[in-house]
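The values are calculated or read from the model by the stated rules, or taken from the named source; none is laboratory data. From a predicted model like this one, the values you see are computed outputs, not experimental measurements. Every residue, glycine as well, gets a Cβ built from its backbone with ideal geometry; the counts of neighbours run over all protein chains shown. These area figures cover heavy atoms from the full protein model, side chains too; ligands, DNA and RNA do not enter into them. Shrake-Rupley method; radii C 1.70, N 1.55, O 1.52, S 1.80 Å.
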Amino acid sequence: MSLTIALAMLSLTQVGPSASPYANETPAQHDKRMKWFREARFGMFIHWGVYSVPAGTYEGKRIPWIGEWIMHQAKIPMATYQAYAKEFNPTKYDADAWVKLAKEAGMKYIVITSKHHDGFAMFNSKASDWNIVSATPFKRDPLKELAAACKKYGVKLGFYYSQAQDWNHPGGAAAGGHWDKAQDGDMTEYIKNVAVPQVKEILSNYGPVACLWWDTPVDMTKKRADLLLPLLKLQPGIIFNNRLGGDYRGDTETPEQFIPATGYPGRDWETCMTMNDTWGYKSFDNNWKSTEMLIRNLVDIASKGGNYLLNVGPNSLGEIPAPSVERLHAIGAWMKRNGRAIYATSPSPFKRLPWGRCTRVTGKSGSTLYLHVFDWPRDGKLMVPGLLNEVEGASLMVGGKKLATARSADGVTISIPPTAPDAISSTIVLKVKGDLKITAPVLQQSASGDLTLSPSEADLHGSEISVEGDAKNENIGFWTNPKDWLEWTFRAVRPGKYALSAEMAGYANSKVTVSVGSQKLEVITPATGSYSTYRRVEMGAIEISAAGKVTISVRPVANGWQPVNLRAIKLVPADK
Ligand code: FHN
């Protein structure tokens, strides 16, 4: 079908819920469409635009916060901001080199900002002159070049498009607040006149588009979202995220700058994250995450069934910052050795492992468990707690050295060499027979009654709350959503009265309820000045009336909750 006919058909398409190209998709069709995404696990996010010219500095001042928001943060008038385009001449841009870099890092797809909130089209747009071909000395269309390079190297390409927030087109800044008369206008008109034609352009002129990455759906009513949704039909099979608005859930959840505690069972998801503290280039942001953290994040995400969309913010010359390149090379080297344990794997069957993470591939006769060991045990024994299956064999992923195993009522113990093959994360391949049989080890109170309930033993409920830090410095963090809560279950052996205490940290006083059956303690946590300054809080006393299963839960109190970090809760017999 020609493009003209396809577009004509689109204008006849009825809007409404049926405007979704996937409204009648069967589960099997959905799985087929999501297949590449589920296998990919690792992608490159690229935030690139005119904001790379000021690079975080305006009128001699370093503007706080993320670089691509500089126009908004410094309330830069439209005309002043638009003048930056004249200096945007990325002569060092080399699409081939970018795609090769992504591919060598082990990334299977790229998502680039085709238009961010500054409304600047990084492509040749007929819908607005505020685009890289018309408004800059560069004159080239970088997306055309990127699409060609992606095709050449077999890397999928997706487009980010800021549909609801556009500070340089009248009506586009309605949602994000505006500061210049020239921004006045109607949001629906902006969507009709700018967003709709531009989304048509990016979905028509660049070959296959693997995903559309909408963003900041402020004020995106269903009516407005329905102006955009049918356009996805221009790219059969395209994936779109959950940020379109209008209550459309899309295909993917998009946790930003964090890794959810348990992933999103039943939903596909992708954590997007910066390597420093900004998405768009800032000349003075040097707060780079370590390669160790990035690799472990990737492993952690894969172990929870998600993808890692890791950002680079090229400068105005078209160069990806050297610290990003360095890290991507290091990740690539690790992926060459361990990628088999990441791509196309399923989430871990274990709730938590004391030394690292697990990914798995399950077949008809058994499973291959990939054990990602972050903390290599010094005693030569790696315990896989609760695993009851018969073992077929164990080996190191790199080099294939066979490892002896022993099974006991507590799980499987693998004999390992004295030193870790990889300081960041070593992979052990453990093949087991039959359906997976795993028992969650039950925490048991000691005979003296003392019990420490550690973060990694907790059951976390919610979207953001998660266990942070390494084994020695664990805490429950990212507890920013007051709906999130947690609980511990243990077997009590010594009934009696217990004093409860916990170490907590946070910027402000906060209120939580600690419950044990019908007993409730309302606890006020102190403002400690930071999320890493902990103070012990005496929570009060509870009664354990009989030996057996006990559950202790901690929930935010609706009025008075502020984010806190929580370290282990301690139970000590009250008469001690
Ligand atoms: O406002 C944007 C931000 O600049 C960046 O693009 C991120 C990436 O997920 N999305 C928005 C904030 O959620």
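Summary table below
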| quantity | calculated |
| --- | --- |
| Cα-based shape type of region 443-573, given that a ≥ b ≥ c are square roots of the gyration tensor eigenvalues and the cut on a/c is 1.5 | prolate |
| Part-to-part distance (alpha-carbon centres) for region 107-166 and region 183-245, which is given in Å | 14 Å |
| Contour excess over end-to-end distance, with Cα ends at residue 351 and residue 459 and 0.36 nm allotted per residue | 38.0 nm |
| Efficiency of FRET between residue 62 and residue 420 - r from beta-carbon atoms, R0 25 angstrom, step 0.05 | 0.05 |
| Using alpha-carbon coordinates, inclination of helix 322-338 to the longest axis of the chain, degrees | 50 degrees |
| DSSP bridge orientation in the chain - percent antiparallel, rounded to nearest 5 | 70 percent |
| Extension gain from residue 216 to residue 100, taking 0.36 nm per residue of separation minus the Cα-Cα distance | 38.8 nm |
| Ranked by how many other beta carbons lie within 10 Å on average, peptides 224-233, 85-94, 116-125 from highest | 116-125, 224-233, 85-94 |
| Two-site label geometry, residue 572 and residue 256: point separation in nm, points 7 Å out along Cα→Cβ | 4.4 nm |
| Nearby aspartates and glutamates by direct alpha-carbon distance to residue 151 (threshold 13 angstrom, same-chain neighbours under 8 apart not counted) | 96 |
| Relative packing of 20-32, 492-504, 445-457, which averages over residues the other C-beta atoms within 10 Å, highest first | 492-504, 445-457, 20-32 |
| Förster-model FRET efficiency, 41 Å R0, residue 439 and residue 34, C-beta, rounded to 0.05 | 0.85 |
| Shape call, region 231-382: gyration tensor on alpha carbons, a/c limit 1.5 | oblate |
| Extension reserve of the residue 379-residue 532 stretch, reckoned as 0.36 nm per residue once the Cα distance is removed | 52.0 nm |
| Greater than 28 Å apart at Cα, pairs in 437/511; 108/200; 86/289 | 437/511; 86/289 |
| Alpha-carbon centroids, region 404-481 and region 251-285: separation in whole Å | 24 Å |
| Accessible-area composition of region 488-552, carbon plus sulfur, in percent [1.4 Å probe] | 49 percent |
| Residue 188 versus residue 562: modelled label distance in nm, points set 7 Å from Cα along the beta carbon direction | 4.3 nm |
| Angle in degrees between helix 3-12 and the longest Cα principal axis of the chain, rounded to the nearest 10 | 70 degrees |
| Relative contact order of region 5-340, pairs being alpha-carbon contacts under 8 Å that are 6 or more residues apart, as % | 23 percent |
| Beta bridges per DSSP with both ends in region 242-312, % antiparallel, nearest 5 | 10 percent |
| Förster-model FRET efficiency, 41 Å R0, residue 80 and residue 264, C-beta, rounded to 0.05 | 0.45 |
| Antiparallel bridge percentage (DSSP; both residues within region 5-340; nearest 5) | 10 percent |
| Between 0 and 90°, nearest 10: helix 27-40 axis offset from the chain longest Cα axis | 90 degrees |
| Shape category assigned to the chain from the gyration tensor of Cα positions, a/c cut at 1.5 | prolate |
| Accessible area (Å², per residue) of region 356-433, counting only protein heavy atoms and a probe of 1.4 Å | 46 Å² |
| Segments 430-436, 541-547 sorted - mean Cβ within 10 Å per residue, highest first | 430-436, 541-547 |
| Carbon plus sulfur fraction of accessible area for region 346-454, probe 1.4 Å, in percent | 52 percent |
| For region 229-293, accessible area per residue (1.4 Å probe, heavy atoms of protein chains only), Å² | 36 Å² |
| Mean separation of Cα contacts under 8 Å, 6 or more apart, over the residue count of region 356-433: relative contact order % | 40 percent |
| Probe 1.4 Å, accessible area per residue of region 443-573, Å² | 46 Å² |
